[in-house]
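Just below is one structure, and these are the notes that go with it.
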Amino acid sequence: MEDEVKAIVRATGLGYPEFAQQISGMNSYKYKMKKRNGKCIFLKDGACRVYDERPLVCQFYPFAVRRYNGDCIVDVSDDCPGIGLGSAVSQEAFQQMTNAALKKLRAD
């Protein structure tokens with residue numbers, strides 16, 4: 001979302017073309033993060049270099065919320081190397097993440 005791109009620009013001093021590319025047809029999303037070797041360019045030594053400014057899609061990872069026929073559907077990304085290694089997300093934490101995602105999606 002555009003406000004997330006602006007936050008990363010402010011935090012890093014980079015212009016958006018250095019870390020994101022414009023896309024169309026994705027509802028609220030106008031940008032897609034660039035990747036190197038299949039990984040986000042802000043991932044270094046297993047840590048996010050823009051953690052405090054990371055976009056909602058990154059905050060929600062490995063979950064993804066998408067719209068489908070007017071509803072929101074939650075998927076799990078099977079490319080996450082940590083699936084099954086950590087503790088389960090509590091229902092309360094998951095609800096908080098979902099509410100934040102829905103609020104953001106409705107605002108845009």
Charge dipole (the range 2-107, unit charges on Cβ, about Cα centre) - positive-most of I73, A100, Q22: Q22
Estimated inter-spin distance, C58 and V76, nm [label 7 Å along Cα→Cβ]: 2.4 nm
Cα-based shape type of the range 2-107, given that a ≥ b ≥ c are square roots of the gyration tensor eigenvalues and the cut on a/c is 1.5: oblate
Inter-label distance for K35 and A93, nm, one decimal - labels placed 7 Å from Cα along Cα-to-Cβ: 2.4 nm
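Read-outs throughout are calculated quantities, based only on the coordinates presented, and are distinct from any laboratory measurement. Model, not experiment: these values are computed from the prediction. Counting neighbours? That spans all protein chains shown, and the Cβs are built from the backbone with ideal geometry, glycine included.
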